[in-house]
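Asker: Dropping the structure in here first, questions after.
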Amino acid sequence: MSINIDLIFEYLTDDRWWIIQVFLAVFTTISINLIVRLILAKLEMQAMRTYNIWDESLIISGGKPLTVLIWLIGLSFAAGIAEQQAHSDIFKLVSPVREIGTIIIIAWFLIRFIKRLEVSYTLKNLRSQEALDATTLTALTNLAKISIVITCILVSMQSLGFSISGVLAFGGIGGIAIGFAAKDMLANLFGSLIIFLDRPFKIGEWIRSPDREIEGTVEQIGWRMTVIRSFAKNPIYVPNSVFSTITIENPSRMTNRRIHETIGIRYQDFKVLPLIVHDVKQMLLEHPQIDTNQTLMVHFNKFGASSLDFFIYAFTKTTVWDEYHSIKQHVLIKTGEIIEKHGGEIAFPTTAVLLNQANTSN
């Protein structure tokens, strides 16, 4: 049986067979998508074996946007074929939708790429001393994301026929009204900029405020608020504008921890008080965990209500909370042993009652 090729070609090019062309366009799109996904899966496995974060981030972040882009191009091509036959006004939207969609997909890819770079950089440079800290890295990535979003909006409006200069002029006039309406949001934004510039704290540090009931570890610094995890493990959400009006302490940056204790002995131990003070100070000077380059004092302080009080003022070399308390415990125990060695005792609140002998004889 012979096949008339010219007849088949005539049928395929006939207006009645345009749906076959649309089907072929969609089928080709599906096939290309499948091939691209297989290739990306193999490239991703290869990239995960390397230490380079760029190729890994590029492949992983580009997978979904590339798939959507292929579908956008394929469907717009199929819609173009249908437009030649349908002649409907709705198909006039194909070209602008394709342009705007392409811009949005590119912006989506760039944002995913930045996010993936941030995660990969943090994981692979966690222990590096030269690596950027989490606060700086967050500030840079947020700034890049905002720049991408603004650029995407401006380019999209330009593609739709809007004048960029007119948009910017309108933004200058409308910015005043927006500023009054969103003054709290702008205050938080400038507050975050102050945090990034002045660097009073960073992610992972312990901060507290004597002005407010704020104390804990910084978990996240956003453009609007900062998340602090308290020692009770509940999150505290603080608007960034607050940090420009309150005092912030950063114990994480302390160089030493202070031991400041007052100890009282009995009044009958007055004669051995100078010896006790001398030996306690000598013990601190010889202690391996006490920083003798800092202020170190042991002095008789006052005559208390029921004790002779002397104070210990010294600084430990460590700033670690648990180690500090172990050192402080050892210092206090050694101080008690010195007092006992000289025959003294640590005083406790007592009251002496003097009775008149004449009254007691009756």
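Each row is one residue, and each column tells you yes or no for (1) among the aliphatic types (A, V, I, L, M); (2) over 49 Å from the mean Cα position of the chain (by Cα); (3) at positive phi.
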site	(1), (2), (3)
271	no, yes, no
276	yes, yes, no
283	yes, no, no
293	no, no, no
297	yes, no, no
300	no, no, no
306	no, yes, no
317	no, no, no
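Asker: Residue check: is residue 300 within 30 Å of residue 351 (Cβ to Cβ), open to solvent by 20 Å² or more (accessible area, probe 1.4 Å) and among the hydrophobic types (A, V, I, L, M, F, W, C)?
Answerer: Taking the combined requirement at face value, the residue satisfies it.
Asker: Restricting the range 280-336 to residues that are small (Gly, Ala, Ser) and part of a helix (DSSP H, G or I), which is farthest from residue 268 (Cα to Cα)?
Answerer: 326
Asker: Sticking with this one: Restricting to the range 83-114, give me the number of residues that are surrounded by 14 or more Cβ atoms within 10 Å (Cβ to Cβ), at pLDDT below 85 and among the basic types (Lys, Arg).
Answerer: 1
Asker: For the range 315-342, which residues satisfy the criterion of being within 15 Å of residue 278 (Cβ to Cβ) and either open to solvent by less than 90 Å² (accessible area, probe 1.4 Å) or in contact with a strand residue (DSSP E or B) (Cβ under 7 Å, 6 or more places away or on another chain) (or both)?
Answerer: 334, 335, 338, 339, 342
Asker: Then there's this: Can you name every residue in the range 192-210 that is assigned to a loop (DSSP other than H, G, I, E, B) and touching a Pro at 6+ places or on another chain (Cβ under 9 Å)?
Answerer: Across the range 192-210, the qualifying residue is only 205.
Asker: Does the range 228-245 hold any residues that are open to solvent by 20 Å² or more (accessible area, probe 1.4 Å) and either within 18 Å of residue 192 (Cβ to Cβ) or in contact with a Pro (Cβ under 7 Å, 6 or more places away or on another chain) (or both), and which are they?
Answerer: Selection gives 229, 235, 236, 237, 239, 241, 242, 243, 244, 245.
Asker: Could you please give the count of residues in the range 207-225 that are closer than 17 Å to residue 197 by Cα and surrounded by fewer than 17 Cβ atoms within 10 Å (Cβ to Cβ)?
Answerer: Qualifying residue count, the range 207-225: 3.
Asker: Using the structure shown, decide if residue 137 is open to solvent by 70 Å² or more (accessible area, probe 1.4 Å) and either modelled with pLDDT of 70 or more or at negative phi (or both).
Answerer: no
Asker: Ok, one more. All but one of (1) charged (D, E, K, R); (2) under 15 Å from residue 310 (Cα atoms); (3) touching an Asp or Glu at 6+ places or on another chain (Cβ under 9 Å); (4) open to solvent by 40 Å² or more (accessible area, probe 1.4 Å) hold for residue 281, so report the exception by its number.
Answerer: Among (1) charged (D, E, K, R); (2) under 15 Å from residue 310 (Cα atoms); (3) touching an Asp or Glu at 6+ places or on another chain (Cβ under 9 Å); (4) open to solvent by 40 Å² or more (accessible area, probe 1.4 Å), the lone unmet condition for residue 281 is (3).
Asker: Related question: Any chance the range 253-266 includes a residue that's open to solvent by 60 Å² or more (accessible area, probe 1.4 Å), in a strand (DSSP E or B) and under 30 Å from residue 140 (Cα atoms)?
Answerer: No.
The values are calculated or read from the model by the stated rules, or taken from the named source; none is laboratory data. As the structure is a prediction and not an experimental result, all values here were calculated from the model. Methodologically, a virtual Cβ is constructed for each residue, glycine included, from the backbone with ideal geometry; neighbour enumeration extends over all protein chains shown. Just so you know, the surface numbers come from the protein's heavy atoms only, side chains and all, with ligands and any DNA or RNA stripped out. Shrake-Rupley method; radii C 1.70, N 1.55, O 1.52, S 1.80 Å.
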